[in-house]
Structures are given as C-alpha cells and as structure tokens.
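Here the structure is laid out as structure tokens; the discussion comes afterwards.
The values are calculated or read from the model by the stated rules, or taken from the named source; none is laboratory data. Remember, it's a predicted structure, so these values are computed and weren't measured experimentally. Note that each Cβ is placed from the backbone with ideal geometry, even for glycine, and that neighbours are counted across all protein chains shown. Remember, those area values only see protein heavy atoms, side chains included, never the ligands or the DNA or RNA. Shrake-Rupley method; radii C 1.70, N 1.55, O 1.52, S 1.80 Å.
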Amino acid sequence: DENGNPVAPKILRRKPRVQVSEYGDSSFTLGEVYIKSPLLLFPTFALIWKVNSLDDISMESLMAVELYNPKIEILIVGIGKKGTKISQNLYTETKRLGIGVDFMDTPSALTTFNVLNNEMRNIAAALLPAGWPNKPNAQ
C-alpha cells in the first residue's frame, strides 16, 4: 500500500462452471433451473438452442460455438437417443468449425461435458433432449 506495508493479492473470482444436474426425455436441469428445450452449453453459461431435430443442425445453428472466444477445443453433440443415425452432411458441416467434434447419445454427452468442464477445459455441448427424436419430429 502507500505506507509500504505488504498487500495481499486480491482473490480472483471465477465464474461458476455450468453443470447439468438432471435430465429427462424432454428437459435438462442446470442447478435449480428446469429447461424444456435443446441447449448449447459453454463453460460458464447456457443458451436455448433453436433446433427441433438433427436435420436442423447447421453451421448457422452452431454460430455461437464458432464465435466463442477463446476458441472452443471440443464440441460434444448430444444427438438424443442411443442409436440415432448421423448424416454424412452433418459430419461434414460440423468439421468446418475447425474444432474437435464428437457425436454421442445425450446422456453420454452430458456426462462427458460435466467431467471435462469440471477439469476447466474449454468445451461446448450442443444437446438435443435425451428422448429425442420425438415421434412428431422422427422420420
């Protein structure tokens, strides 16, 4: 300080990391917040993701991931139910992001996101609810 006494450094506060605490066939719970929608998760915040099916996933729908700074290392895409097929076009589109992209069923994607985010990795997740594709949107 101005009197020559040592000053303890200020403790830097980190933003809390996003963690998905629960999920259902059509929803997610982040902490105490219940959300009935697909989500884009980032290390410290979540966004409602305006897609209804795998067919809606495009570079435009993933623009927030592409623009995030610092650059995302890995994008985990939760595709809904286990065994859901991914089109070659979707693989091609997401590879254009220039980051690692991994597709898996939503429960596995949630676990992977929570673990890597807890390890302070710079990751994102694009998540369809676990029960999707729903019958009205299934083809």
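Points to keep in mind about this one:
- One residue stands out among those in the range 87-131 that are β-branched (Val, Ile, Thr) and in contact (Cβ under 8 Å) with a residue 40 or more places away in the chain: the one that is farthest from Pro43 (Cα to Cα), which is Thr106.
- Residue count for the range 35-55, restricted to those that are surrounded by 12 or more Cβ atoms within 10 Å (Cβ to Cβ) and not hydrophobic (A, V, I, L, M, F, W, C): 6
- Selection status of Thr84, hydroxyl-bearing (Ser, Thr, Tyr), open to solvent by less than 40 Å² (accessible area, probe 1.4 Å), part of a loop (DSSP other than H, G, I, E, B) and in contact (Cβ under 8 Å) with a residue 24 or more places away in the chain: yes
- Selection status of Ser58, polar (S, T, N, Q) and either open to solvent by less than 30 Å² (accessible area, probe 1.4 Å) or modelled with pLDDT of 95 or more (or both): no
- Taking the conditions (1) over 24 Å from Pro16 (Cβ atoms); (2) polar (S, T, N, Q); (3) at pLDDT 95 or above in turn, Thr94 satisfies each one other than (3).
- Residue satisfying all of: in the range 97-106; of a type outside the set (S, T, N, Q) and open to solvent by less than 40 Å² (accessible area, probe 1.4 Å); modelled with the lowest pLDDT among these: Leu97
- All strands (runs of 3 or more DSSP E) inside the range 38-78 with 1 or more residues being not hydrophobic (A, V, I, L, M, F, W, C): 74-78
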